[in-house]
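A short reminder: the numbers here are calculations on the coordinates, not readings from a lab. The structure displayed is predicted, hence computed values, not measured ones. Cβ coordinates were reconstructed from backbone atoms using ideal geometry, including for glycine residues, and neighbour counts include every protein chain displayed.
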Amino acid sequence: MRRSSRVTDHKMGSAGFLEQVEADSGEKVRICYQCGKCSAGCPVAYSMDLLPNQLMRLVQLGLKDEVLSCSTIWLCASCETCATRCPREIGIVRVMDALRHMARREHYPVQVREVPLFVSTFISNLKRFGRLWEVGFVGAFNLRSGHLTKDMGKAPGMLRKGKLALLPPRIKGMDKIRKMIKRVEEVNRQ
Amino acid sequence: MKLAFYPGCTLESTAREYLDSTIVVAKAIGIELEEIPDWICCGSTPAHMADELLSISLPAYNLQLARRMDTEGVTVACASCYSRLRAANHAVTTDPEKRAKVGKVLGGDYEGDVPVSHLLEPVGEIIKQPDFQSRLKQKLSGLKVASYYGCLLVRPPEITGFDDVEDPQSMDRVVEAVGAEAIDWRFKVECCGAALAFARPEIVEKLSGQILEDARDSGADIVLVACPLCHSNLDLRQCDIEKFLGVDLEIPVLYFTQLLGLALGISCKELGLHKHTVNPVPVLRKCGIKVKGC
């Protein structure tokens with residue numbers, strides 16, 4: 001497992017990074033005292049390049065490039081174990097969300113490209129139909145990710161059991177719903 | 001008891017049996033469910049990973065629809081939807097700035113005042129009533145059940161406020177109410193890997209594999225869930241898990257509504273027991289449970 005030794009490097013931190021993360025997430029990352037409970041309980045820690053507590057420390061140090069290009073922010077499953085057990089009551093998943101948004105906004109390279117692909121495919125499906133149309137979603141995800149045959153072996157059995165909706169959901173007032181979702185972007189820009 | 005019902009997207013397709021068993025069991029035990037008309041997706045995990053305001057606005061839209069209904073609040077069957085609806089209420093009631101923004105998106109203020117429960121909560125009230133036992137057609141004694149809660153029912157506690165965060169009991173009480181044995185095991189609130197099933201299936205195979213193996217090692221005949229996403233990882237992907245671990249598991253994974261339905265004498269077909277990937281009927285029959293109409 002490649003786990004970073006960068007934590008101990010003495011580099012210049014990026015000015016204002018900690019403050020920006022705290023403002024975006026609404027969480028006080030600065031009060032983390034490195035007890036490591038978040039990493040001890042994290043079910044996905046074994047696959048991350050930076051452990052959750054290391055990530056918190058790097059944010060405190062302002063090491064923006066290291067933080068925004070790590071795999072940890074994409075592998076976090078948002079299971080909330082860390083935040084629930086944090087003795088400093090830091091909402092670590094909200095910090096992860098803020099870091100993911102920042103990494104996308106500032107075009108940092110993504111180590112686990114399927115995760116943002118999963119997110120954007122899901123969101124565009126729900127914007128179009130109002131509800132998730134699973135068949136359309138899985139098809140689009142497989143096409144976009146290049147994993148064309150993923151889960152396809154399960155399809156015939158599911159179809160037979162009536163567990164796949166071949167047609168997208170139809171709900172009344174989709175025009176209004178689309179406009180409402182569009183207003184999210186407008187309000188975010190204000 | 002009349003409640004607005006938010007099914008969520010998965011219950012309309014991959015978790016069809018959760019929807020079917022919820023409707024038939026709710027009716028049988030006297031919970032009146034009225035589906036929120038033209039509800040939309042709650043945004044689930046992808047919405048909060050993409051945009052915070054979107055992740056609050058989508059559930060708030062649904063809660064505004066529910067507010068117009070004459071019910072005692074909203075109940076949700078999916079743990080992820082439940083968590084997002086509760087999170088929206090939490091955000092608008094604790095942060096005036098977010099409430100104002102959500103109001104602008106929705107075109108009208110939402111105060112965060114529509115109560116949201118998970119279906120396990122109203123069911124928990126019903127099973128406590130003295131006449132509940134007399135409704136049962138059979139006791140499921142002889143069946144050992146591992147109640148699996150996963151993440152989002154219980155975490156984060158300031159949002160869900162659901163049961164004990166490390167050792168919840170709500171589903172175990174349902175198990176005991178129908179005469180089955182709720183076993184002690186270690187993985188009841190561990191993560192199944194959730195949506196990583198798409199991006200990193202090998203993580204789901206490892207995490208869900210640990211859950212199933214611990215259930216088996218603790219003596220469980222079946223695993224019981226209250227979330228369609230947990231079910232999908234533990235049941236639909238069980239063949240992938242077996243390949244990944246190099247072991248045979250064949251552990252049936254049932255929804256808690258299906259367990260209740262069996263005790264109430266509802267047929268296999270109505271409960272959708274035939275829709276699981278791992279067929280639960282042989283194990284249930286081996287444990288002495290009558291399964292009708294399979």
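Loop-only check: which trypsin sites (Lys or Arg not before Pro) in the range B:176-276 are DSSP coil with at most 15 other Cβ within 10 angstrom?
Qualifying residues, ordered by number: B:R186.
At q = 0.12, 0.15 Å⁻¹, what base-10 log of I(q)/I(0) does the Debye formula yield for the range B:137-286 when every alpha carbon is treated as an equal point scatterer in vacuo?
-0.46, -0.73
Please pull out the direction-averaged projected area of the range B:44-189, using the convex hull of its alpha-carbon atoms, in nm² to one decimal place.
For the range B:44-189, averaging the hull's shadow over all directions gives 10.2 nm².
Please work out the ratio of the alpha-carbon Rg of the range B:2-118 to 2.2 N^0.38 Å and round it to two decimals.
So the Cα radius of gyration is 1.04 times the expected 2.2 N^0.38 Å.
Note down the magnitude of the dipole of chain B about its Cα centre, charges +1 on Lys and Arg C-beta and -1 on Asp and Glu C-beta and zero elsewhere, to the nearest 20 debye.
For this selection, approximately 720 debye.
Any chance you could check the Cα centroid distance between the range B:180-250 and the range A:107-130 for me, in angstrom?
26
Which whole number gives the average count of other chain Cβ atoms within 10 Å of the Cβ atoms across peptide B:8-18?
Going residue by residue through B:8-18 and averaging, the value is 5.
For the charge dipole of the range B:137-286, defined by +1 on Lys and Arg C-beta atoms and -1 on Asp and Glu C-beta atoms about the Cα centroid, which residue among B:S267, B:V178, B:V165 has the Cα displaced farthest towards the positive pole?
B:S267
Peptide A:72-83: average number of partner chain Cβ atoms within 10 Å per residue?
Counting Cβ atoms of other protein chains within 10 Å of each residue's Cβ and averaging gives 6.
How big is the shadow of the Cα convex hull of the protein assembly as shown, averaged over all directions, in nm²?
Average projection, Cα convex hull of the protein assembly as shown: 22.0 nm².
For a quick protection proxy, order the peptides B:150-162, B:117-129, B:13-25 by their average other-Cβ count within 10 Å, most packed first.
B:13-25, B:150-162, B:117-129
Between their Cα atoms, which of A:K154/B:K206; A:K161/B:K290; B:K128/B:K269 are more than 24 Å away from each other?
As for pairs spanning more than 24 Å Cα to Cα, those are B:K128/B:K269.
What is the diffusion coefficient of the range A:114-189 in µm²/s, taking the Kirkwood radius over Cα pairs and the Stokes-Einstein relation at 37 °C with a viscosity of 0.692 mPa s?
Answer from the Stokes-Einstein relation: 236 µm²/s.
If you count, for every residue in B:99-106, the Cβ atoms of partner chains within 10 Å of its Cβ, what is the mean?
The per-residue average across the peptide is 3.
How high is the FRET efficiency between A:E89 and A:E19 when r is their beta carbon distance and R₀ equals 22 Å, given to the nearest 0.05?
Step by step, r from the Cβ atoms, then E = 0.70.
May I ask what percent, to the nearest 5, of DSSP beta bridges between residues of the protein assembly as shown are antiparallel?
The answer is about 0 percent antiparallel.
Full-extension gain between B:D38 and B:D109, please, as 0.36 nm times their residue separation minus the C-alpha to C-alpha distance.
Answer, rounded to one decimal: 23.6 nm.
Could you give the alpha-carbon Rg of chain B over 2.2 N^0.38 Å, rounded to two decimals?
Against the compact-globule rule of thumb, the ratio is 0.99.
Find how much the distance from A:R144 to A:H107 grows on full extension, using 0.36 nm per residue of separation minus their present alpha carbon separation; answer in nm with one decimal.
11.4 nm
Could you check which residue among B:E12, B:E97, B:E166 shows the biggest mean-square fluctuation in a GNM of chain B with a 10 Å Cα cutoff?
Top of the fluctuation ranking is B:E97.
Please sort by residue number the GluC sites (Glu not before Pro) in the range A:91-190 whose DSSP state is loop and whose Cβ has at most 14 other Cβ atoms within 10 Å.
When the GluC sites (Glu not before Pro) of the range A:91-190 are filtered for loop state and at most 14 Cβ neighbours within 10 Å, A:E106 remain.
When the dipole is taken about the Cα centre of the range B:1-79, and only Lys, Arg (+1) and Asp, Glu (-1) are charged at their Cβ, what size is it in debye, to the nearest 20?
Roughly 100 debye for the range B:1-79.
Against the longest principal axis of chain B, how steep is helix B:201-217, in degrees 0 to 90 to the nearest 10, with axes from Cα atoms?
Relative to chain B, helix B:201-217 is tipped by roughly 50 degrees.
If you average 1/r over every pair of different alpha-carbon atoms in the range A:14-163 and take one over that average, what Kirkwood value in Å do you get?
17.0
Can you tell me the Rg and Dmax of the range A:16-65, counting just the alpha carbons, in angstroms?
11.2, 31
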